[in-house]
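Below is one structure; the comments refer to it alone.
The values are calculated or read from the model by the stated rules, or taken from the named source; none is laboratory data. Here the structure is a predicted model, which is why all the values come from computation and not from measurement. As a convention, Cβ positions derive from the backbone with ideal geometry for all residues, glycine included, and neighbour counts pool all protein chains shown. To get the accessible areas, we keep the full protein, side chains included, count just its heavy atoms, and leave off ligands, DNA and RNA. Shrake-Rupley method; radii C 1.70, N 1.55, O 1.52, S 1.80 Å.
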Amino acid sequence: MRNLSLLQRFRCVDLSIPGSPQCMSIRSETGTVLVASELAITEFDHRTQEVYKEVSLTADDYLPEDGGGVVVAIQDLPDQESVCVATASGDVILYNLNTSQLECVGSVESGLTGMTWSPDQELVTLTTGQDTIIMMTKDFEPITEVAINQDDFGEDKFITVGWGKKETQFHGSEGKQAAQRKTAEVQPALPWDDRKPRITWRGDGQFFAVSSVCPQTGARKVRIWNRECVLQATSEVVNGLEQPLCWKPSGSLIASTQRHPNKHSVVFMEKNGLLHGDFTLPFGKEQVKVKELLWNSDSTVLAVWMEDLKPRENNHLSTYIQLWTVGNYHWYLKQSLHFGNEPLRAPACVCWDPEKPLRLHLLTRGWASYTYDWGWSTQRSHGNDCHDNANVAVIDGDKILVTTFRQCVIPPPMCAFELQLPVPVNLVTFHSQAQRTNELAALTADGHIYVYGQGKSYNLKLNSNIMSDVPVDGFVISLCHGLRNGTVALQLDDGQIRKLSLTEWKDSTGNIINFPRPCVQTALCTLSGEEHLIGLTERSHLYIGDSLVASNISSFVVYDDFLLLTTHSHMCLCLNLSTLSIKGLQAALSSDANQNDETVRKVERGSRIVSVVPQDTRLILQMPRGNLETIHHRALVLLYVNLKIEKMIPDKFKQHDLDSFESLCCCMRKLRINLNLIYDHNPTVFLDNLEMFLKQIDSINYINLFLTELKEEDTTTTMFPCPSRSASSSAAGKEGKKVDIICDALRSTMETLDPQKSVPPYCLCVLTSHVRKTTPELEIALQKVHELRGESQLAKSVSAEEALKYLLFLVNVNELYEHSLGTYDFDLVLMVAEKSQKDPKEYLPFLNMLKTLEPNYQRYTIDKHLKRYRKALHHLSKCGEEHFTELLSLVKDQRLYSDALELYPSDSEQYKTLSVAYAEHLVEQQQAEQAGLLLWRCGENARALQAFISCTSWRNALAVATHIPLPPEQLALLARDLAGRDLCHARRHAEAALCLEQYAKDCEEAISALIQGAAWEEALRLIYLYNRQDIIETDLKSALLDAHSNQTSFLESQKALFNRHKNRLAVVRELKAKARLELFDAELYSEASSVLTGSHLGSKYSRSNSRISSRSSKNRRKAEGKKHSLKEGSPFEDIALLNALTQIITIVDKMRVHSLLKALVLFQSDGAASSLQRDYGELLQLMETALPEIWTENLHPYPGNPINKSSCYFPNI
């Protein structure tokens, strides 16, 4: 649904060139025009009107000086830097553009009627005056010469398989008379036919077609030849076939013209010579003749050059050029150029530009040069409110096809309505003023402007009603108007941007902004609060001012704050300009941008944007063939839904929108938008207007659908993130779980509404609100269903059966059956069971058995069946002592000891029995101390003592033993066992000494335990307390010397180990630094070196460690241990060395040498004490000095505490 809009027109009227133009060609390298007349060859620039070269064709007698010569063709040859010219006298002339020399490369005695080069310029075909074709190479070496008119059909001759005769075949709507119809007589060529052959090449250069007049019949025929000049096919008899011939560059069709008895058509042929489609020219039967047909380089536009057959009132002929395009198998007349009936204004040469597909060159007989640049554009209305009908206007000759996409989506060539004008239309545009965007104006080929509005229309002459004009320094190729700010932006042909006041376009910093290249489509937009002009070039480059934001854009449209684009990668993007900067837009349009959010949507290959329906969700796309597709882009849908939700706010609510919640739910359901957004958009406002929400929705199905879709997540941050939401709109609702809050609030509102005021019945909605809570209240829902059975049919809007059936739709039948059983209401259970598909044999025996039981035991049986063991325990405890054994089994099986103890008084026998069972369970769970306390509490002292002994709780054990009480001998034996067997083995020597001293009354063993545990001061206290100084000589002094020896040896070993690890760490770090340097040097030459690890020593480990993540946890622990391996050459050796050094520092720092030093000094061992203090101090000093070397600046500092030097200090040693 695109039109051709004229971007600019270059006009040269002051060319001083001899003779009259006969043919022209365009130089692809420079864009200049080469034109041949009967006197000379001239090259000029149509932009500057400058003549570059001119060479005479009469000087060397190639053409006569009297002007009677004829040039039949001219062709630019870029590879040879020459121009080839063919004359009617038979000369083929080569003009060298560098030396300006003319050379006759060949001559044909019979003369030449045409010359055409293949698209690759490797071959040239000449038609001679003897109706022959001469094919030569680009070096003008002859390949072959064949006659044009041949009796043979060609190599692709059709084969008859003999399936019946024509008279017996089916002829469709023509009936049987078609079988007897005689073959029409072949009519000769039309009188105005110049009877010259025409040659046209296919775009790939593999075939060419020749249209010529048959000598026998006098009618024109088209013959197709291959590249070797071998005839392939001959066209069928086409009466009225005319001289124009042009092969579509894409290679599908050959265009020509045919005059019928009642119409004049452009017809198309296939490669086999058969007709394939046509369209009718908008002229009378004998009004015009077609001089030439010209396809542009990309096969999108067909130019038809025509001239009147009969002179007008001033005895002159009028000339026309029409541009036709095709879409959805319909041909549209997009542009019509009328050159009047003055002979000098009539075009003499017409051709398309070889580089720019939509540039047309023509040269008039009066040496006026015109160059037209067209661009594709979609004429759509620009309104953003609901009054705009989303109009799109398509030019089709003298008709404007208007489609209103708000009301209907009609595929072209059909439309909503047509506007019939008296002459062809060249331009159409819509009014840009708000509330009037449905009005349009059309510029016709005769210079009139027709304006159409609501119930009115008028026309005016283009130059007769100009209210004001503003001179512009340059050619204006586009103009756009912004509805929001009223800005009018102009674009000049060199990309400069101007405002209507002709001031330069500047950014916020005062810099002048221009497009780097001219753009065929422009629009105003607001980006981060600043107004910008956005443009799309014919090369698919999208610019915002002078910044290139994307290079693969096929179409775009600005709607409100959104920029919608389609790309050549078959994506449709919808970007919010209010939240993006230019760099952000570039990132969003880059190829590696995120393509999984709601801003991106895949579309069909070649899709282009036609229009966006304002205040709606529809985006109209057109496919390459011409058909339309309507999509609802996710970003537009969210914008529309958010705007509708905003209307629900009370201060914005209007009386005519009373069904807005109903329409909102319908829209969200249709567009698959989660209904959670109604609440999440503004929770506070929604909860404050629940009554309005319920009253506006007539269908309870929408309320139930809303409740069933509820989820705890905030959809405005997860499913539908909207960065432009205001702080108030995103305010959180009440504290608590979202689903529970909405269900409770809605249910409360529904229950307060008076059912006598014609309010819709909310019974099913109330049931849904109970079921949809995070913890479903199925019992309450079932109870409400049960209550419906007792109400009269007139008082209730929903029967109990309907409510139960609906409940079964929401909840699994087995789950609902179990919950109904848990209500202990057998009527309700039977009602649920009857509505389910359960077999009565499954539940009736069980229910009958339950009815025979005592109520508490009945409930216990139900709860146990439903695995509600705590409730079962509670009911079983009320069944009497005869069921206590069953209760005890239940407690042991389900481990409900704490719950069971709460059901009985602490002085009861049941409490004691449960306590003993609980204690046995705790012993099994390795919690003997808690079991002992529980047994001691209930009077089981002997069993409590055994429990305390088993867990080395010596204080509780001795307390229980005293409480029993045990005899002194057994108590002393118990104390010895606890001290020697448990406490000393656990290195709790001080506690063992306490047991031995106070309970076993054995001071010698107590002192021995203290000496063994290096508690020197406590040992001395007991020695002097019990007057056992003999132990000093026998045990204490020797133990001190042994401790001194052990500490000295340990310090030496730790010092040696510390030095070894520290030195090795330095070596490893040096190796890794060297390896990193080598890796950096290697990457300068090859990117493949990136697969290396940080150390060449660990290369064999890097591959194996990469597979560890998929292994079991045991292997992962093993692999983690390998990371701390001190084996030389391991990949993480430096980390392992750091860990080892940390452990050494921690161990040495925590050594307790102070008490040993004091004891050595006390017993005159000053030398030993001094050496130990010196060794310990030196080791601490070594470690403190090495800390900066081990933990460098790029590593975290040493994680332990600072080294405590005071622990080794002792004065005066």
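Annotations
- For the residue pairs 695/805; 138/271; 271/356; 248/334, the C-alpha atoms sit more than 22 angstrom apart in 695/805; 138/271; 271/356.
- Against the chain, whose longest principal axis is taken from its Cα atoms, helix 738-752 shows a tilt of about 80°.
- The length gained on full extension between residue 568 and residue 812, counted as 0.36 nm times the residue separation minus their Cα-Cα distance, comes to 82.8 nm.
- Net charge in the neighbourhood of residue 824 (other residues with Cβ under 15 Å of its Cβ; Lys, Arg +1, Asp, Glu -1) is 0.
- Label-point separation in nm, residue 841 to residue 308, each point 7 Å along Cα→Cβ: 10.2
- Candidate aspartates and glutamates - alpha carbon under 15 Å from residue 399, same-chain residues fewer than 8 apart omitted: 418, 446
- Near residue 612: Cβ cut-off under 11 Å, other residues only, Lys/Arg at +1 and Asp/Glu at -1. The net charge is 0.
- Per residue accessible area in Å² of the range 870-916, where ligands, DNA and RNA are left out and the probe is 1.4 Å: 57
- Cβ-Cβ FRET estimate between residue 882 and residue 1057, R0 fixed at 51 Å, reported to 0.05: 0.10
- Computed FRET value (nearest 0.05) for residue 1146 with residue 1076, which takes r as the C-beta separation and R₀ as 22 Å: 0.10
- Residue 72 long-range amide H proximity, modeled H, under 5 Å: 86, 87, 88
- Between the helical axis of 989-998 and the longest alpha-carbon principal axis of the chain there is an angle of about 30 degrees.
- Using only side-chain charges placed at the Cβ, +1 for Lys and Arg and -1 for Asp and Glu, the dipole size of the range 281-389 relative to its Cα centre rounds to 300 debye.
- Packing order of peptides 24-32, 666-674, highest average first: 24-32, 666-674 (average count of other Cβ atoms within 10 Å over each peptide's residues).
- Estimated dipole of the chain in Debye, rounded to 20 [Cβ of Lys and Arg +1, of Asp and Glu -1, Cα centre]: 2280
- Relative to the dominant Cα principal axis of the chain, helix 1016-1025 is inclined by about 10°.
- Projecting the Cα atoms of 124, 113, 143 onto the charge dipole of the range 103-149, computed from C-beta unit charges around the Cα centre, puts 113 farthest toward the positive end.
- Net charge of Cβ neighbours under 15 Å - reference residue 197; Lys, Arg +1; Asp, Glu -1: 0
- Here's the picture: charge each Lys and Arg Cβ at +1 and each Asp and Glu Cβ at -1 in the chain, and of 1126, 357, 763 the one pushed furthest to the positive end of that dipole is 763.
- Each label point was placed 7 Å from the Cα along the Cα-to-Cβ direction; for residue 1069 and residue 711 their separation is 5.2 nm.
- Taking 7 Å steps out from each Cα toward its Cβ at residue 316 and residue 921 produces label points 11.6 nm apart.
- Carbon + sulfur, % of accessible area of the chain - ligands and nucleic acids excluded, 1.4 Å: 49
- Ordering of 1068-1079, 804-815, 993-1004, 210-221 by burial proxy (mean other Cβ atoms within 10 Å per residue, highest first): 993-1004, 210-221, 804-815, 1068-1079
- Positive-end ranking of 993, 1071, 532 along the dipole of the chain, with charges on Cβ about the Cα centre, is headed by 993.
- In a fully extended conformation the segment linking residue 132 and residue 1166 would gain 359.1 nm over its present Cα-Cα distance, using 0.36 nm per residue.
- Estimated FRET transfer efficiency when R0 is 22 angstrom, pair residue 488-residue 451 (beta carbons, to 0.05): 0.70
- Maximal additional length on extending the residue 287-residue 260 stretch stands at 8.4 nm, based on 0.36 nm per residue less the C-alpha distance.
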